[in-house]
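Novice: Sharing a structure below in structure tokens format, with a few things to ask.
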Amino acid sequence: MVKPKNLSTTERSGKSISSTSTTINSSAIQLDKQCKPLIPNVELTEEERKERYEKYKPTGDFEKDFVELCTLVGIQSLCVVARPKRPGTPSTTSTSITTGKGGKNAPPATQQPQQDANNNNINGDGPPTTYIIAKNKYDYFKPRVEIETEEEANRIFVKELYIRGWRVEQKVIDVLAITMPELERLTLVDFWNAGLTDETVVTLGHCLSAAPSLKTLRLDGNSHASSQRFDIFLSEKSMVQNLSLKNCCITDLGAKHIGNSLKDNRNLATLNLCFNKITDEGVSHLAKGLRINRSLLSLNLGSNQISDDGAKHISEVLSTFQLTHEEIVQRRQLRSTHIPDDGSSSPSQTSTSQDRPPTATRSFSKDDKKNNAKNKDKKKEPANKLKENGLKRGPSNVDSSTTSKQKTPKGKGGQKQDRGKTPQHEVEEVVEFKNPLLENIREEDGALWIPGNKALINLNLARNTISEVGLEHLYEAVKYQSDMSIESNKTSLGTGLMRLSLQRNKFLSMNPTYMKLVDLMRTRDPFYEPTPPSPIEESSKEDHERKS
């Protein structure tokens, strides 16, 4: 008797894979199809390619423009693909049981197929639920540009761009410099471990400066830029709000560049500099930038080489600091051009004697008095002419437009006109931060002192070399901020630190100063709720009040 041949496990798995390959999600990446060039493979001379490359005008379709320009440069294998998405959690079937007419419980209809599928997966006969189809197993590791669009069907409007794990050449950056400014809705750029050099960093900086809606920039793992000019992404006109420079081997030189750029930047909200080589000297440069900057909300300096001196520099900026000669001169210039909010008096009248020596007085000659009188007469002439012509000073253009809108009748015609109007896009409010040099100052021993930075609410100094000495400086700074917040100083901006991370430094977790700092930071948590008093404590308070 010849026994029938049983199917092997590979044959069975092959059949199951072929049967379930049609049920794959549409967002899965098929690399063999997407990596084909979009233009015909025509042999061109180098001169013809240069001419086409120089005369090329982007069409707005990033995938088409990028692939065509790469082929003209001589890069054939690079392609643009959709960023893979994590599979969603499987929908759990409802455990509720429906009742029939006779009151009997009816079992759910989808219960049996789920059990069969689970049994197949447990036995190993069924295929994995998530996988990628690729003819060649090495296609997954080929260099590619990943994009994420607003709509899956329409891949023109790119909002996120990722380059991860392969070295980007200057040619690719030049192509991106041509195609990326056309992406008006691009909000995130991620170059992880892309091998950026000094030249590519400068080119990328000029390229991203033209991106109008860019908010988040991640350049983690790029340690080949020897000049460390990452401050090019933090210019005064930069719109980047979140910058991450983790594991970029940034030293005190790079920290100096970043600290200088923080003085003029008004948009950066979060800065991540963890896993670098910043020492106390680099922290001093960052602290100088925080003396003026009032837009940065979160600063991550974890896993660096910061000791007690660096903690002292930061604590001085957070509490109160003495103005230098340059800052005093800058303060005088700002006060001479600054217009008060109420407009009651001129800056020269409101200026106090703290910014100038006490012996300095202002004298007026007879010629100056005559010139001032002539200027007053000239100012009165236009007003008199308006009165003679029968004209009166009315409201501004904004007020007149609003009044005209209010006078329009609310009849049928008015309603039809309102319906026909196109909805206007909401404009983001621009927050203007007041220069900290214009805040109230105090004089002590012939020096001018100003309140510290209270805009920073999150500070990470974990995994450094801070000892009990630096811990004491940080505690005094946080205590100063809490005392100032109780006094409700209206002239200062912000409330101060709300989160401070100091784990894995050179002090014990049971240190008394650290325990006091933890208790103090707990009360500064915006979600902090004090424990209600017990009935015994309430009764004792009432008895004490009655006796008093």
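Novice: Kindly establish whether VAL172 is among the β-branched types (Val, Ile, Thr), part of a loop (DSSP other than H, G, I, E, B), closer than 25 Å to SER77 by Cβ and at pLDDT 90 or above. Walk me through it before giving the result.
Specialist: Details: among the β-branched types (Val, Ile, Thr): yes; part of a loop (DSSP other than H, G, I, E, B): no; closer than 25 Å to SER77 by Cβ: yes; at pLDDT 90 or above: yes.
The answer is no for VAL172.
Novice: May I pose another question? Is there any pair with a first residue in the stretch 141-160 that is closer than 20 Å to THR216 by Cα and modelled with pLDDT of 80 or more and a second that is among the basic types (Lys, Arg) and not in a loop (DSSP other than H, G, I, E, B) whose Cβ atoms are under 9 Å apart and which are 6 or more apart or on different chains, and what are they?
Specialist: Close Cβ pairs (under 9 Å, with a partner that is among the basic types (Lys, Arg) and not in a loop (DSSP other than H, G, I, E, B)) amount to GLU146/ARG164; ILE147/LYS159; GLU148/LYS159; THR149/LYS159; GLU150/LYS159.
Novice: Of everything in the stretch 268-287 that's surrounded by fewer than 19 Cβ atoms within 10 Å (Cβ to Cβ) and charged (D, E, K, R), which residue is nearest to LYS256 (Cα to Cα)?
Specialist: Among residues in the stretch 268-287 that are surrounded by fewer than 19 Cβ atoms within 10 Å (Cβ to Cβ) and charged (D, E, K, R), the one nearest to LYS256 (Cα to Cα) is GLU281.
Residue by residue, here is whether (1) closer than 21 Å to ARG218 by Cβ; (2) free of Cβ contacts under 8 Å to residues at least 12 places away in the same chain; (3) not acidic (Asp, Glu) holds:
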{"residue": "TYR138", "(1), (2), (3)": "no, yes, yes"}
{"residue": "TRP166", "(1), (2), (3)": "yes, no, yes"}
{"residue": "MET180", "(1), (2), (3)": "yes, no, yes"}
{"residue": "GLU199", "(1), (2), (3)": "yes, no, no"}
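Okay, residues lined up against (1) touching an Asp or Glu at 6+ places or on another chain (Cβ under 9 Å); (2) buried (at least 19 other Cβ atoms within 10 Å of the Cβ); (3) more than 21 Å from ASN304 (Cα to Cα); (4) of a type in the set (A, V, I, L, M, F, W, C):
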residue: PRO436; (1), (2), (3), (4): no, yes, yes, no
residue: ASN440; (1), (2), (3), (4): no, no, yes, no
residue: THR465; (1), (2), (3), (4): yes, no, no, no
residue: HIS473; (1), (2), (3), (4): yes, yes, no, no
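Novice: Here is a further query. With the condition kept exactly as written, say whether any residue in the stretch 65-73 is at pLDDT 80 or above, outside any loop (DSSP other than H, G, I, E, B) and exposed (fewer than 10 other Cβ atoms within 10 Å of the Cβ). Quick ask: steps written out before the conclusion?
Specialist: Filtering the stretch 65-73 for residues at pLDDT 80 or above gives 65-73.
Pick out the ones that are also outside any loop (DSSP other than H, G, I, E, B) and you get 65-73.
Remaining after also requiring exposed (fewer than 10 other Cβ atoms within 10 Å of the Cβ): none.
No, the stretch 65-73 contains no residue that is at pLDDT 80 or above, outside any loop (DSSP other than H, G, I, E, B) and exposed (fewer than 10 other Cβ atoms within 10 Å of the Cβ).
Novice: While we're here: Which of (1) among the acidic types (Asp, Glu); (2) within 25 Å of THR71 (Cβ to Cβ); (3) more than 22 Å from the chain's Cα centre (by Cα) does GLU182 not meet, given it meets every other one?
Specialist: Going through the list (1) among the acidic types (Asp, Glu); (2) within 25 Å of THR71 (Cβ to Cβ); (3) more than 22 Å from the chain's Cα centre (by Cα), GLU182 breaks only (3).
Novice: Also: Would you say SER295 is small (Gly, Ala, Ser), closer than 25 Å to LEU500 by Cα, within 15 Å of the chain's Cα centre (by Cα) and part of a loop (DSSP other than H, G, I, E, B)? Don't jump to the end; show me each part of the working.
Specialist: Working: small (Gly, Ala, Ser): yes; closer than 25 Å to LEU500 by Cα: yes; within 15 Å of the chain's Cα centre (by Cα): yes; part of a loop (DSSP other than H, G, I, E, B): yes.
Against the criterion (small (Gly, Ala, Ser), closer than 25 Å to LEU500 by Cα, within 15 Å of the chain's Cα centre (by Cα) and part of a loop (DSSP other than H, G, I, E, B)), SER295 qualifies.
Novice: Restricted to the stretch 315-354, and to residues that are of a type in the set (D, E, K, R) and in a helix (DSSP H, G or I), which residue is modelled with the highest pLDDT? Break it down into steps so the answer makes sense when it comes.
Specialist: As a first pass, look at the stretch 315-354 and keep what is of a type in the set (D, E, K, R): 316, 326-327, 331-332, 335, 341-342.
Right, trim to in a helix (DSSP H, G or I) and you get 316, 326-327, 331-332, 335.
On the way: GLU316: 93, GLU326: 79, GLU327: 76, ARG331: 79, ARG332: 82, ARG335: 78.
Applying the filter and picking the extreme gives GLU316.
The values are calculated or read from the model by the stated rules, or taken from the named source; none is laboratory data. A quick note: this is a predicted structure, and the numbers were derived from the prediction, not measured. Note that we place each Cβ from the backbone using ideal geometry, even for glycine, and neighbour counts take in every protein chain shown.
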